[in-house]
Amino acid sequence: MFKIKFLPYNLEVFASPEETIIEIAMRCGIHINASCGGAGACNKCKIIIEEGKVKGEVIDNNFYKACQTFPLSDLRVRIPVESYIDKRAEFLKPKKKASFLSKEIEKLPEPPFKKLYLKLQPPTIEENFSDWIRIKYTLEKEKILNPELNINILRKLPYVLREKNFEITLNLYYDLRKDRYYLIDIESGNKVSQNLGVAVDLGTTTLQLELIDLNTGEVLASISDYNPQISYGEDVISRIEFAKRKDGLKILANSVKEKIGFLIDEMLKATKKNFDSINLISVAGNTVMSHLFLELEPKYLREYPYTPVTTEFPLIFAKELGLPFKDSTLIQLAPCKASYMGGDIVAGIVASRMAEEEPLTLFIDLGTNGEIVLGNREFLICASCSAGPAFEGGGIKNGIRAVSGAIEAVNIDPITFEPMILTINKKPPKGICGSGIISLLANLFKVGIIDKAG
């Protein structure tokens, strides 16, 4: 076993000579860019060996490929700035808000999860029907008919009812597709105010979360970070390949679930709430990301005829996925439409309400995977493609994501051709992102250095 020290993290770990540097880094949670999933094809996983001996492939004179390098002794490994990314993704406020976002919504849609407080009459010798029937009759007055429940609810029912003299709070989930209510939990007393939900945008590159009061619709907190799965492949194809390895699928699933749990914890701390207040987690991601989140086999999504395991997902208890929530916390995933038309674009269509309106609307989701939908209340047609590389500097020698120090704007003097650049957060330039590339090309064309053919 050799001792490996990673800089600039000052983290020391022990590793065997059979492990590559990138495998060691993954094991201890250190990110090194590897868009090819460790296949040795992308040349992005550059590292510097400051001390020690290795066996590996040298690139650009001074660097080694982390995915092809094995330790032969104790090492001091430095990860250069171009090989890792900032902890948090950069979310810049748009200069002009989309017209839809400026519309006033007369009434917020009803959340699928709600809490209902009931004050029941205790049984008497004249009315001694069962505890559940007593609740069922009261629910019928609320126009909630025959909710589905499980045996665990019945086992705790008599004790919960009598704890607060037949004052209870029912946790109900409404499945719109089945037009049916499910009784998820029952609590003593009035617990209606403790009703939080979490919305998760499960992106290929970034995670965006919001903590929401399900009673009012108010967004209490929001947070974002990079999807840790990028350590195993920067696009869905690379991750499908990584999932084929031993325990690869479990590693991918656990990494993103752990990060989601961490981000939720940060939002709860910021709002002084607790995990037991969360009743529903709603997740929207593309088809591959949804499969990886649930540990569903993704490999047939890449092989002709590109078949997913499912495009509709069951309601799941968070505990079943190993997430640190109470037993009754639910997870719902937005349904996908096709192999590469996922729940993220479906969620966007629902949120924008374009399918309810008469005007023809073009909805564009430009992420690592890009989708577009055209239509109105009469029809919807859609298409998808890989968009991330175009906006993240893919295929460009110094191309990077929109992180601090990325060149985002370029201006060229028409007389001297002297360039002027602006970087994100005004940091020293470390590469150029997609916005910078578009700005550069536009200015090169404007001053006549290139023509319309490039």
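One table, with the values for the structure above:
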item: Per-pair calculated FRET efficiency, R0 = 25 Å: residue 218 and residue 145 via Cβ, rounded to 0.05; result: 0.25
item: Compactness of the chain, expressed as Rg and Dmax over alpha-carbon positions, Å; result: 26.2, 98
item: Trypsin sites (Lys or Arg not before Pro) restricted to DSSP loop in the stretch 353-454 with at most 14 other C-beta within 10 Å; result: 353, 377, 397, 452
item: Rounded to 5, percent antiparallel among DSSP beta bridges of the chain; result: 75
item: Inter-label distance for residue 23 and residue 299, nm, one decimal - labels placed 7 Å from Cα along Cα-to-Cβ; result: 1.9
item: Cα gyration tensor shape of the stretch 2-83, rounded if a/c is under 1.5, else prolate or oblate by comparing a/b with b/c; result: rounded
item: Relative contact order computed over the chain (Cα-Cα under 8 Å; 6+ residues apart), in percent; result: 10
item: Check: the chain dipole with +1 on Lys, Arg Cβ and -1 on Asp, Glu Cβ, in debye; result: 620
item: Span from the the stretch 353-389 Cα centroid across to the the stretch 136-194 one, whole angstrom; result: 39
item: Dipole in debye (nearest 20) - the stretch 392-446, about Cα centre, beta carbon charges: Lys, Arg +1; Asp, Glu -1; result: 200
item: Cα gyration tensor, the stretch 149-195 - rounded (a/c under 1.5), prolate or oblate; result: oblate
item: Cα-Cα over 32 Å, subset of 55/246; 156/250; 44/257; 65/452; 44/259; 272/427; result: 156/250; 65/452; 272/427
item: Residues whose placed amide H lies under 5 Å from that of residue 370, excluding near-sequence neighbours; result: 385, 386, 387, 388
item: Label point at residue 175 placed 7 Å out along Cα→Cβ; residues across the stretch 104-143 whose backbone nitrogen lies under 19 Å; result: 111-115
item: Computed E for residue 12/residue 55 - FRET, C-beta separation, R0 30 angstrom, nearest 0.05; result: 0.90
item: Calculated FRET efficiency for the pair residue 309/residue 275, C-beta based, R₀ 22 Å, to 0.05; result: 0.15
item: Note, ³J(HN,Hα) from phi for the stretch 409-422, Karplus 6.51, -1.76, 1.60, rounded to Hz, x at Gly and Pro; result: 8, 9, 10, 10, 5, x, 9, 8, 6, 6, x, 10, 10, 10
item: Mean residue ellipticity (222 nm) of the chain, computed from DSSP H runs ≥ 4 via -39,500 (n - 2.57), nearest 500; result: -6500 deg cm²/dmol
item: About the Cα centre, charge dipole magnitude for the stretch 196-346 (Lys/Arg +1, Asp/Glu -1 at Cβ), debye; result: 340
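All of the numbers you see were taken from the coordinates with simple rules; none came from a lab. Quick caveat, the model's predicted, so the values are computed rather than measured. Every residue, glycine among them, receives a Cβ derived from its backbone with ideal geometry; neighbour counts consider all protein chains shown.
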